[in-house]
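Written out below as C-alpha cells is the structure these notes cover.
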Amino acid sequence: MAPATPPVAPSVLLRLLEAAGYRLEEGDDMTWAVRASDHRTVVLASRARAPAEIERRLPPGAVHRTIVYDEEPGPSVRAAAAELGLEVLEPSTLGPALGELLLPSALVPGVDAAPDDAFDGPFPPIGGGPRTVRPRIDRREAQALAGLDGARYTLRLVPYLVAAYRVRPVAPSGAPGAVVRRLIAVNAVTRQAEVWEEGSRELVGELEGPSERLAPQLNAVGATPIALEAIRRQHTVRLDHIEQHSGALVVESRRVPPSLDAVRLGPFNLLFVPFWYAESTDGRRVLDAVSGRGAAFAEPDPG
C-alpha cells in the first residue's frame, strides 16, 4: 500500500497562504487568512469552534469561505457548515484542496490601479543587485507537501525573465478602464508565464546550502510575445449585453482582452526562482519554494 501523504503543518499552511497574498490575523484560538483581491477567507480553528460562531466573525464581503479544523469535526459540524455555505477541511483533506486555496487571485481591473498619467511613464528597476528569490519552503516542508516516499530533494534555481507592466483593461461598461500594474514572469526554461504581485518575492544574494542553477533557454526577444499574450489573457473582461425581445431578456456575453495598445511592458530582468525537485521511484514532483504550489518540470540543460 502506498504511504499516506503527510498532513500539512499549520505553520506551513500559514506561510503558504501568506505567500499566496493572504493577510493573516490571530485571535481567540483562531487564525484568519484574508485575501482582499478575490475576497477569499480561510479560518484555522479547533474542533471546538462551531461553524455558526466562526461565520458570525468572518469579515464582511467574504465570498469563498473555508474552515480548516485541526481534526475531523464530524458529520453534524459538516452539515451545519454546509447550511451556512462554509467549506470544511481537516488534515486528511487539506492537501488535495491546497491548489485551489493557493491559486493566484483573479486580477480585477482597477484594483491597486496606477494613476492614469503614469501609464506611459518610466518603469522602476526590479531589484538592484541580488537576482535570486528567497525561498520560503525548506526541505522538511517540501517533503510534507510532495508526499513522495524515499524521494531525493534538490533545490534548483530556475531562470525567469521578469518585467513590470501596466495595462488598461476594458471596464464593464465597455469603455477603457483604470490602469493596473503588475509583474509578468516568464520561465526561461518551460516558456510558461505567470503574473506576480509587486513585492510578493524578496530578492537576496547567495543562498545558504546547496543549490543548482539552471541556464536560461530564452532571451528577452523570445519572452516578449509570451508575456504580452499572458497579460492580455489575465486581464480579459467579460462584457454582458442585455436586450429585450418579445418580453424575454436576451443576454449576450463576450470576452474582451485589452488591446496591444493598452499594454506597456517594461524591460526584462533575469531572476532565479527556487524550486524543490522531488524525485523517487514512485515519480517526481516540482514545488515552487516560494508559494508551495506544484509546477512544471523544468529539465536541466544536459550540456
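The table below lists the values:
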{"quantity": "Total residues in segment 124-140, condition more than 22 Å from ARG213 (Cβ to Cβ) and modelled with pLDDT of 85 or more", "calculated": "1"}
{"quantity": "Boolean, LEU24 is closer than 20 Å to ARG136 by Cβ and under 18 Å from the mean Cα position of the chain (by Cα)", "calculated": "yes"}
{"quantity": "Residue ID - surrounded by the fewest Cβ atoms within 10 Å (Cβ to Cβ), chosen from residues in segment 60-77 that are in contact with an Asp or Glu (Cβ under 9 Å, 6 or more places away or on another chain) and within 19 Å of TYR22 (Cβ to Cβ)", "calculated": "VAL63"}
{"quantity": "Residue satisfying all of: in segment 78-119; acidic (Asp, Glu) and surrounded by 12 or more Cβ atoms within 10 Å (Cβ to Cβ); modelled with the highest pLDDT among these", "calculated": "GLU87"}
{"quantity": "Residues located in segment 1-57, provided they are part of a strand (DSSP E or B), among the small types (Gly, Ala, Ser) and either at pLDDT 85 or above or in contact with a helix residue (DSSP H, G or I) (Cβ under 8 Å, 6 or more places away or on another chain) (or both)", "calculated": "ALA33, ALA45"}
{"quantity": "Matching residues, segment 182-213, being touching a helix residue (DSSP H, G or I) at 6+ places or on another chain (Cβ under 9 Å) and aliphatic (A, V, I, L, M)", "calculated": "ILE184, ALA185, VAL186, ALA188, ALA193, VAL195"}
{"quantity": "Pair list, Cβ < 7 Å and 6+ apart or interchain, from segment 243-269 residues that are assigned to a loop (DSSP other than H, G, I, E, B) to residues that are polar (S, T, N, Q) and modelled with pLDDT of 80 or more", "calculated": "PRO257/THR236"}
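The values are calculated or read from the model by the stated rules, or taken from the named source; none is laboratory data. For clarity, every value in this text was computed on a predicted model and none was experimentally measured. Glycine gets a Cβ as well: all are built from the backbone with ideal geometry, and neighbour counts include every protein chain shown.
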